[in-house]
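The values are calculated or read from the model by the stated rules, or taken from the named source; none is laboratory data. The structure displayed is predicted, hence computed values, not measured ones. Positions of Cβ are backbone-derived with ideal geometry, glycine not excepted, and every protein chain shown enters the neighbour counts. Ligands, DNA and RNA are excluded from the accessible area calculation, which covers all protein heavy atoms including side chains. Shrake-Rupley method; radii C 1.70, N 1.55, O 1.52, S 1.80 Å.
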Amino acid sequence: MMIGIRELTYRIGKKELLHDLSFEVKSGELLAVLGANGAGKSTLMKLLCREINPTSGRIYFRGCDLQSYKLPELAKQRAVLSQQNTISISFLVHELVMMGRYPHFDQYPSEADVVIVRQVMVETGITHLSGRDYNTLSGGEQQRVQLARVLAQIYDCKDACLFLDEPTNGLDLRYQQQVMELARSLADRGYCVICILHDINFASRFADKILMLKEGRKVAMGAPVEVINCENIHETFSINVKLMPCEGYSCPLVIPATSNIN
C-alpha cells in the first residue's frame, strides 16, 4: 500500500467538504479522481499533499502516518503538480525544471541531477524550449514545463507518489494525450499516480482505478469497467449519458445524451 485513506473527513466551520472517505492506492497504480465542481476533489488533493490537515481520519503514506514525515524527507518521495503555477520572476525553462531537483542537493546539482533534468525534458517534449524564458511560453507549454519539474523531483525514486491536479488543463488534444500516456507509463514503472481529471474517457482509458466523488462523498470506486456506467455518472455529474462500445478498449465511450432544453 502506497497511500491509505481511513475515514477521512474535512470541515470548514459547519460545512463538510469531505465525508468519511476510505480507500487505498498501491505502487504501480494510476487512480483517477472524478467529480463535478465542488465535489471535493481539490480538497482531497490538498489533504494528500499535506497542504491542509484533516478534521478527522488518517492518511498513510508507505504505511506510516503522513504527519510523521518531515517535509524535506517527503519532498524526495512525492511530487505535486498543482493547477496554479504562477511565477513572477523570470527563469529559463531548464532552470525551472532543475528546481525539481532542489530537495536532492545543497548548493550545486550533481551530474546525475543534470542528466535527470535532460531526460525528463525529453520525456515531456520540451527540450526545444530549454533556453526560453518561462513567462514567454503559452499556457500549454508552461504546463508541460511544470510537469517536467515535478517529474524531475522524484525521477530516481522509483516507488514515489505523483499527484496531478488536472494535468491536461490548457493543453490541446495532442498534448493531453501525451501527458496521460506519460502518467500511465510512470504507473507502469512503479510510481503511484493520483490524478484529478474532468474527462471521463481519459480516466477510463488510462486509469487502473476511478474514484467518483459527489459533495465530498464517495459515489463509486473501482476499475473503470466496474464504475463507468450510466447510473454512477448520473449520480456523480447529474447528467444523462450514452455508452458506446469502442473497438480496442475495454470501457465504452461516454457521450452526453441529447438535452431537450431549448
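If you wrap the Cα atoms of region 126-199 in a convex hull and average its projected area over all directions, you get 5.1 nm². Orientation-averaged projection of region 85-145 equals 4.2 nm² [convex hull of Cα atoms, one quarter of hull surface area]. Size descriptors for region 185-262: radius of gyration and Dmax over Cα atoms are 13.5, 49 Å. Rg/Rh for region 113-262 stands at 1.02; both radii use Cα atoms, and Rh follows the Kirkwood definition. In this structure the amide hydrogen of I126, modeled in the peptide plane, comes within under 5 Å of no amide hydrogen from residues 5 or more places off or on another chain. With q set to 0.11, 0.13, 0.15 Å⁻¹, the log10 of I(q)/I(0) for the chain, from the Debye formula over equal scatterers at the Cα positions, is -0.63, -0.87, -1.13.
Exposed loop sites here mean chymotrypsin sites (Phe, Trp or Tyr not before Pro) with a DSSP loop assignment and at most 14 other beta-carbon atoms within 10 Å; the chain contains its longest site-free run at 106-248.
Any idea what angle helix 173-188 forms with the longest principal axis of the chain, computed on alpha-carbon atoms, 0 to 90 degrees, nearest 10? Approximately 80 degrees, to the nearest 10. Computed on the Cα trace of region 1-146, the radius of gyration divided by the Kirkwood hydrodynamic radius gives Rg/Rh = 1.02. Among K214, K14, K76, the largest mean-square fluctuation in a Gaussian network model of the chain, built with springs joining Cα atoms closer than 10 Å, belongs to K14. By how many degrees, 0 to 90 and rounded to 10, does the Cα axis of helix 111-123 deviate from the longest principal axis of the chain? Rounded to the nearest ten degrees, it is 40. Here the contact order of the chain, divided by its residue count and restricted to Cα pairs under 8 Å and six or more residues apart, works out to 25 percent. Taking 37 °C and 0.692 mPa s as conditions, region 67-114 diffuses translationally at an estimated 259 µm²/s according to Stokes-Einstein applied to its Kirkwood radius (Cα pairs).
Just so you know, the averaged projected area of the alpha carbon convex hull for region 1-66 sits at 4.4 nm². Write down the percent of antiparallel bridges among all DSSP beta bridges whose residues are both part of the chain, to the nearest 5. Beta bridges within the chain, antiparallel portion: roughly 60 percent. Couplings for region 150-158, taken from phi via the Karplus curve 6.51 cos²θ - 1.76 cosθ + 1.60 with θ = phi - 60°, read 6, 5, 4, 4, 10, 4, 9, 10, 6 Hz in order; Gly and Pro are left as x. Short to long, the 5 Å bins of the Cα pair-distance histogram for region 158-202 hold 5, 23, 32, 23, 12, 4 percent of all pairs. In order along region 47-55, the Karplus-derived 3J(HN,Hα) couplings, from 6.51 cos²θ - 1.76 cosθ + 1.60 at θ = phi - 60°, round to 5, 5, 8, 6, 6, 9, 10, x, 5 Hz, and Gly and Pro are given as x. Measuring nothing but protein heavy atoms, the accessible surface of the chain at 1.4 Å probe radius is 50 percent carbon and sulfur. Relative contact order, whole percent, for region 178-262 stands at 18, derived from Cα pairs under 8 Å and 6 or more residues apart. A 1.4 Å probe run over the protein chains yields, for the chain, 49 Å² of accessible area per residue, whole-number rounding.
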